[in-house]
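Here the structure comes first, spelled out in structure tokens, and everything after it is commentary.
The values are calculated or read from the model by the stated rules, or taken from the named source; none is laboratory data. Remember, it's a predicted structure, so these values are computed and weren't measured experimentally. So basically every Cβ, Gly included, is an ideal-geometry build from the backbone, and we count neighbours across all protein chains shown. For the accessible areas, the whole protein counts, side chains as well, though only heavy atoms, and no ligand, DNA or RNA atoms are used. Shrake-Rupley method; radii C 1.70, N 1.55, O 1.52, S 1.80 Å.
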Amino acid sequence: MAAKVVQQVVNATLAASPRADASFAAGEKFANGFLARMVEGVSIWSILLTIIVSAVLYDQYKYITQKGSISGPPLKMPFIGPFLESMNPEFSGYKAKWDSGALSCVSVFHKFVVIASTRDMSRKIFNSPSFVKPCVVDIAYKLLRPQNWVFLDGKAHVDYRKGLNGLFTRQALEIYLPGQEEVYDKYFENFLDITKKNNGKAVPFMPVFRELMCAVSCRTFVGHYMSDDTVKQIADDYYNITAALELVNFPIIIPFTKTWYGKKAADVVLVEFAKCAAKSKVRMLAGGKMDCILDGWVTSMIKSKEYREKIEAGIEVPTSEKPDMLIRWFSDFEISMTLLTFLFASQDATSAASTWLFQIMADRPEFLDQVREENLRVRNGDRKKELSLEMLESMTFTRAVVKETLRYRPPVIMVPYIAKKDFPITDTYTAPKGSMVIPSTYPALHDPEAYPNPDAFEPERWITGDAEKQVKNWLVFGTGPHYCLGQQYATLNLMAMIGKASLDLDWKHQITDRSEDIKVFATIFPMDDCLLSFNKRD
């Protein structure tokens, strides 16, 4: 009622006052004209420019605040950061980061990356499961699958890992040796054929070593459930998986990019491993003989299942018959995902190590002669004698050569983790939640205080020196709750390979000006891909 009266008064006043009415109309016309001129002066391009400038400023502000006091570029390339230069990473770039400070950083696309350079900083990250978890790279969740055991955290990860420990015991490792030797024999003949086809000329052997290590891994993991042709296909395709899992890649899967090809290859590998899992279950349930990691895992599942069924049925089971580790029944796809992570963990690392091993032995024949003498001695002069775990464990010098190779040219130089929450790495710096936090291994393995003359290849440091005591610096296989499950397997595998090669083959390395330069392709390789030629040893 009151509002209605006020409105009537206003209307009456305006009607009774032409001047007031004219003034009101003029004011309205001025306001409309001013707004019109404002809108006319603003184009879509100026709006877009404002948005872009604002986004750039915010991007820089966010980077600077995340960077804080640690080393890193003062500003970042808007949005993409050092993405373009990271497409073809150079080892010198990583080394510059390590040399710049204990902690340094970069920001690529949306991802802020903190790099730890010192031994203690790296160890702190490895040993902080409450703050970080392995992430490999963003695309790894899509290739390896987000439900993969390596991405599990806390108790779930510990329990899963316990069920796998039995696959890498001393007894288990000896079971895998015949299959590994079988692959070595086949591929050493292939080495000779390659040299013969090239009329004795040295050719790049890095791709050949990658195929060899893929075949050894597949034979160890799934035995003869996978055909040689399938192994060859996986070895070829695995280049795409490796390329997709490089530290810096385009963050989404777009057709015909590295990540797209990698996803397609990973899908194929998962299907093949799932087929192997199904075959192993059938064979082991029928009482077949265990000869690979898959068989060992399935056997543990069967024993655990049988034990639980007896307990549930009220049958008294002697303590001696209780399995060492009770595990659940895993689906074929769960097994497949786990085997893919085994291949992921072993393929690139052992390929890099074997490439450097053959190159180093060719360039330092005095060490190769000692390896050869030791391998002949433990076989009592019979170079065709089947290898045993006891023989391998008695090879002091061969082990020293392998360990020095892993120190001198560590295959894995960085291990990406992701911060689950704000991570106070030091008293003065906290890595923000969601950032990638990367412990480095190379600097610790080339620390002159732990390894005098670190850039020299000196196997003797593992025999008469104190290299074995530098356990805090030995980060080749990581440390903490996610350390490499197969570290003993990898070391023995490399020892068996180079020992057998020393007895069966002679080889020469064509040294180039890039032989000692380091190429980064997930792991590290000689820049010239290791030019070798082989001959059969009499």
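List, please: which pairs have Cβ atoms under 7 Å, are six or more places apart or on different chains, and start with a residue in the stretch 104-129 that is within 17 Å of residue 68 (Cα to Cα) and without any contact (Cβ under 8 Å) to a residue 60 or more places away in the chain and end with one that is assigned to a helix (DSSP H, G or I) and open to solvent by 10 Å² or more (accessible area, probe 1.4 Å)?
104/97; 105/67
Pick out the one residue from 258, 281 that is within 19 Å of the chain's Cα centre (by Cα) and among the charged types (D, E, K, R).
Numbers: 281 fails: within 19 Å of the chain's Cα centre (by Cα).
Just a single option satisfies the conditions, and that option is 258.
Table: residues versus (1) under 25 Å from the mean Cα position of the chain (by Cα); (2) at pLDDT 95 or above; (3) not charged (D, E, K, R).
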position	(1), (2), (3)
410	yes, yes, yes
417	yes, no, yes
424	yes, yes, yes
448	no, yes, yes
453	no, yes, yes
463	no, yes, yes
468	no, yes, no
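Between a first residue in the stretch 146-171 that is within 14 Å of residue 130 (Cα to Cα) and a second residue that is open to solvent by 40 Å² or more (accessible area, probe 1.4 Å), which pairs have beta carbons less than 6 Å apart while being 6 or more apart in sequence or on different chains?
153/133
Taking the options 298, 268, name whichever one is closer than 19 Å to residue 163 by Cα, assigned to a helix (DSSP H, G or I) and either modelled with pLDDT under 90 or open to solvent by less than 70 Å² (accessible area, probe 1.4 Å) (or both).
Details: 268 fails: closer than 19 Å to residue 163 by Cα.
Checking each option against the conditions leaves just 298.
Go through the stretch 482-538 residue by residue and tally those that are more than 24 Å from residue 165 (Cα to Cα), in contact (Cβ under 8 Å) with a residue 40 or more places away in the chain and within 21 Å of the chain's Cα centre (by Cα). Can you show your working first?
Just the residues of the stretch 482-538 that are more than 24 Å from residue 165 (Cα to Cα), to begin with: 498-538.
Cutting the leftovers down to in contact (Cβ under 8 Å) with a residue 40 or more places away in the chain gives us 498-505, 507-511, 515, 517-526, 528-536.
From what is left, the residues that are within 21 Å of the chain's Cα centre (by Cα) are 518-526, 529.
Final tally of qualifying residues: 10.
Taking the stretch 394-422 only, how many residues are farther than 30 Å from residue 131 by Cβ and assigned to a helix (DSSP H, G or I)? Even if it seems obvious, please write down each step before you answer.
At the first step, the residues of the stretch 394-422 found to be farther than 30 Å from residue 131 by Cβ are 394-405, 408-409.
Cutting the leftovers down to assigned to a helix (DSSP H, G or I) gives us 396-405, 408.
Residues that pass the stated criteria total 11.
Please give the number of the condition residue 145 fails out of (1) of a type in the set (Lys, Arg); (2) modelled with pLDDT under 95; (3) open to solvent by 70 Å² or more (accessible area, probe 1.4 Å).
Going through the list (1) of a type in the set (Lys, Arg); (2) modelled with pLDDT under 95; (3) open to solvent by 70 Å² or more (accessible area, probe 1.4 Å), residue 145 breaks only (3).
The conditions are (1) open to solvent by 50 Å² or more (accessible area, probe 1.4 Å); (2) in contact with a helix residue (DSSP H, G or I) (Cβ under 7 Å, 6 or more places away or on another chain); (3) in a helix (DSSP H, G or I); (4) more than 30 Å from residue 357 (Cα to Cα), and residue 253 fails exactly one of them. Which is it?
Going through the list (1) open to solvent by 50 Å² or more (accessible area, probe 1.4 Å); (2) in contact with a helix residue (DSSP H, G or I) (Cβ under 7 Å, 6 or more places away or on another chain); (3) in a helix (DSSP H, G or I); (4) more than 30 Å from residue 357 (Cα to Cα), residue 253 breaks only (3).
Please find, within the stretch 170-191, the residue that is farthest from the chain's Cα centre (by Cα) out of those that are under 25 Å from residue 207 (Cβ atoms) and open to solvent by 30 Å² or more (accessible area, probe 1.4 Å). Give the steps one after another, and end with the answer.
Filtering the stretch 170-191 down to residues under 25 Å from residue 207 (Cβ atoms) leaves 176, 179-191.
Cutting the leftovers down to open to solvent by 30 Å² or more (accessible area, probe 1.4 Å) gives us 182, 185-186, 189-190.
Details: 182: 28, 185: 29, 186: 28, 189: 31, 190: 29 Å.
For the stretch 170-191, the residue satisfying everything is 189.
Can you spot a residue in the stretch 206-213 that is open to solvent by 30 Å² or more (accessible area, probe 1.4 Å) and either over 28 Å from residue 444 (Cβ atoms) or free of Cβ contacts under 8 Å to residues at least 60 places away in the same chain (or both)?
Just the residues of the stretch 206-213 that are open to solvent by 30 Å² or more (accessible area, probe 1.4 Å), to begin with: 207, 211.
When the remaining residues are screened for being either over 28 Å from residue 444 (Cβ atoms) or free of Cβ contacts under 8 Å to residues at least 60 places away in the same chain (or both), the result is 207, 211.
Checking the stretch 206-213: at least one residue is open to solvent by 30 Å² or more (accessible area, probe 1.4 Å) and either over 28 Å from residue 444 (Cβ atoms) or free of Cβ contacts under 8 Å to residues at least 60 places away in the same chain (or both).
Counting only residues that are within 23 Å of residue 322 (Cβ to Cβ) and in a helix (DSSP H, G or I), which one in the stretch 283-293 is most open to solvent (accessible area, probe 1.4 Å)?
Residue satisfying both the conditions and the ranking: 285.
For the stretch 78-185, please list each of the helices (runs of 4 or more DSSP H) lying entirely inside it that holds at least 1 residues being basic (Lys, Arg).
On the way: elements: 83-86, 91-100, 119-126, 140-144, 154-165.
It comes to 91-100, 119-126, 140-144, 154-165.
As an exercise: evaluate residue 167 against (1) open to solvent by 60 Å² or more (accessible area, probe 1.4 Å); (2) in contact with a Phe, Trp or Tyr (Cβ under 7 Å, 6 or more places away or on another chain) and give the number of the one condition it does not meet.
The failed condition is (1).
Inside the stretch 23-80, can you point out the residues that are at pLDDT 90 or above, aromatic (Phe, Trp, Tyr) and open to solvent by 70 Å² or more (accessible area, probe 1.4 Å)?
Those that are at pLDDT 90 or above, aromatic (Phe, Trp, Tyr) and open to solvent by 70 Å² or more (accessible area, probe 1.4 Å): 58, 61.
Listed here are the residues, each with its yes/no results for (1) open to solvent by less than 10 Å² (accessible area, probe 1.4 Å); (2) in contact with a Ser or Thr (Cβ under 6 Å, 6 or more places away or on another chain).
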position: 391; (1), (2): no, no
position: 395; (1), (2): yes, no
position: 411; (1), (2): yes, yes
position: 415; (1), (2): no, no
position: 424; (1), (2): no, yes
position: 431; (1), (2): yes, no
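Identify, please: which residue in the stretch 326-362 is open to solvent by less than 20 Å² (accessible area, probe 1.4 Å) and outside any helix (DSSP H, G or I) and is, among those, farthest from residue 158 (Cα to Cα)?
So, considering only residues that are open to solvent by less than 20 Å² (accessible area, probe 1.4 Å) and outside any helix (DSSP H, G or I), the one farthest from residue 158 (Cα to Cα) is 330.
Among the residues of the stretch 306-325, what is the count of those that are assigned to a helix (DSSP H, G or I) and either aliphatic (A, V, I, L, M) or surrounded by 16 or more Cβ atoms within 10 Å (Cβ to Cβ) (or both)? Reasoning before the result, please.
From the stretch 306-325, those assigned to a helix (DSSP H, G or I) are 306-312, 319-321; that's our starting set.
Still in the running and either aliphatic (A, V, I, L, M) or surrounded by 16 or more Cβ atoms within 10 Å (Cβ to Cβ) (or both): 307, 311.
Selection size over the stretch 306-325: 2.
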